[in-house]
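Asks: Sharing a structure below in structure tokens format, with a few things to ask.
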Amino acid sequence: ADFLSYMQSEVFEALGMNNTQPDYANQDIAERVSFYQFQNGKVVDAPSVDNSYKWAGGGFIGTTEDLCKFGQAHMKSGYLKESTLEEWMTSQKTSDGKETGYGIGWRVFERPSGKTFYGHSGGSVGGITYFLIHKPSETVLAITGNMDPINYGGLQFELMELFIDGAK
């Protein structure tokens, strides 16, 4: 099967991600938001972009709910083997043994609170996403925005800490 068919059947359908699909720039997609940019102190329409060149690196659109479903599948074994999850979320090391803070596709965030979050951020013309998981509490945080540039200034970590601490 081609890549898009594989993603549809083995990831999106398998995880119940019913609102995630390839972002075809030349198609009208129901409920697609408008994208904006902040330029010279003003909010302006973002230019149209064809993200099909990067299907594997962010050429899909979806909802925060679907991102949370994806995150839930990475909390414990089931969808993936535990050994795979551990390898993906273990900080890699440089040739001289220095920690990179990045696993295989997952950034590793060691917080001052002692909590470890795993996540990834992404951006496109007129959009930004931040995604975090905390395995011990099985908490997922997904934030999307339809404007760039946006600097969350650490808000994503503060929210995650509040959700985890509030769940106790």
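Asks: With only Lys, Arg, Asp and Glu charged, each at its Cβ (+1 for the first two, -1 for the last two), find how big the charge dipole of the chain is about the Cα centre; round to the nearest 20 debye. List each step's numbers first, then the result.
Replies: On the way: 13 positive and 21 negative charges, 86 e Å.
Rounded to the nearest 20 debye, it is 420 debye.
Asks: Measuring from label point to label point, each 7 Å out along Cα→Cβ, what is the residue 125 to residue 144 span in nm?
Replies: The modelled label-to-label distance comes out at 1.9 nm.
Asks: Ok, one more. Would you work out which of 101, 41, 75 lies farthest towards the positive end of the dipole of the chain, given +1 charges on the beta-carbon of Lys and Arg and -1 on that of Asp and Glu, about the Cα centre?
Replies: 101
Asks: Shifting gears a bit: Going through the cross-link list 81/135; 98/135; 69/135, which pairs have a Cα-Cα distance over 21 Å in this structure?
Replies: 98/135
Asks: If you take the beta carbon distance between residue 104 and residue 28 as r and set R0 to 35 Å, what does 1/(1 + (r/R0)^6) give as a FRET efficiency, to the nearest 0.05? Kindly include the intermediate steps, with their values, before the conclusion.
Replies: Working: r = 36 Å, r/R0 = 1.02.
That gives a FRET efficiency of 0.45.
Asks: Related question: Choose one answer from 31, 82, 65: the residue with the largest mean-square fluctuation in a GNM of the chain with alpha-carbon springs under 10 Å.
Replies: 31
Asks: Moving to a separate point now. Using a Förster distance of 30 Å, how high is the FRET efficiency between residue 93 and residue 165, based on the Cβ-Cβ distance and rounded to 0.05?
Replies: 0.45
Asks: So for the stretch 5-57, Kirkwood radius off the Cα pairs, Stokes-Einstein at 10 °C and 1.306 mPa s: how many µm² s⁻¹?
Replies: Taking Rh from Cα pairs, D becomes 119 µm²/s.
Asks: What 222 nm value per residue comes from the helices of the chain, counting each DSSP H run with n ≥ 4 as -39,500 (n - 2.57) and dividing by all residues, nearest 500 deg cm²/dmol? Before the final figure, lay out the partial values.
Replies: Working: 4 runs with 32 residues, N = 168.
Computed ellipticity for the chain at 222 nm equals -5000 deg cm²/dmol.
Asks: Moving on. How far is helix 155-166 tilted off the main Cα axis of the chain, in degrees rounded to 10, range 0 to 90?
Replies: 50 degrees
Asks: Name the trypsin sites (Lys or Arg not before Pro) in the stretch 1-65 that are in a loop by DSSP and that have at most 14 other C-beta atoms within 10 Å, would you?
Replies: Within the stretch 1-65, the qualifying trypsin sites (Lys or Arg not before Pro) (loop, at most 14 other Cβ atoms within 10 Å) are 32.
No lab work stands behind these numbers, since they all come straight from the coordinates. These numbers come from a predicted model, not from an experiment. Positions of Cβ are generated from backbone atoms using ideal geometry, with glycine treated the same way; all protein chains shown enter the neighbour counts.
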